[in-house]
Amino acid sequence: MNAEPRTTVVNILVTKTLEIDEPAWCADPHNGAQFKPDVTHNGPEIAASFETQLGTVDYLRAWISHAPYASLAPEPLPVVCIELDADTVSLEPEAVRQFTAATRRHLDALDRLADEADRIRGGGQ
């Protein structure tokens, strides 16, 4: 039996907190971020809503997003994300008119979101 002490190499994961700048418009708690490239700043979500016989349908969700540290495709400036859903509803003509009115209101909100993203990209927070 060999009396000399033995050693081995073990890979361990060491974690520490990382302080990063948080834009004023960010509403994301960043709970899922474990590494710096995971950090994405997301602003408050807006969505168009329309009432049907089956309940409320939310569509055209949108928010400002910025992933400045993403490893594959870093976003140098904030962008507007728009989620398009594949739900299908059948509507009577008057309901279609109500739907288009709701969509027009949401499109105005999307324009305001684009203006806010332009303001943020211009250097203001």
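Tabulated data
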quantity	calculated
Contacts under 6 angstrom Cβ, first residue in segment 37-53 being without any contact (Cβ under 8 Å) to a residue 60 or more places away in the chain and surrounded by 13 or more Cβ atoms within 10 Å (Cβ to Cβ), partner charged (D, E, K, R) and part of a loop (DSSP other than H, G, I, E, B), 6 or more apart	Asn42/Asp28
Selection status of Ala33, within 21 Å of Cys81 (Cβ to Cβ), in a strand (DSSP E or B) and out of contact with any helix residue (DSSP H, G or I) (no Cβ under 6 Å at 6 or more places or on another chain)	no
Check on Trp25, at pLDDT 90 or above, within 21 Å of Gly122 (Cα to Cα) and in a loop (DSSP other than H, G, I, E, B)	yes
Residue identified as exposed (fewer than 11 other Cβ atoms within 10 Å of the Cβ), on the phi < 0 side of the Ramachandran plot and modelled with pLDDT of 85 or more among Pro76, Pro93	Pro93
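The values are calculated or read from the model by the stated rules, or taken from the named source; none is laboratory data. The model shown is predicted, which means the values in this text are computed figures rather than measured ones. Methodologically, a virtual Cβ is constructed for each residue, glycine included, from the backbone with ideal geometry; neighbour enumeration extends over all protein chains shown.
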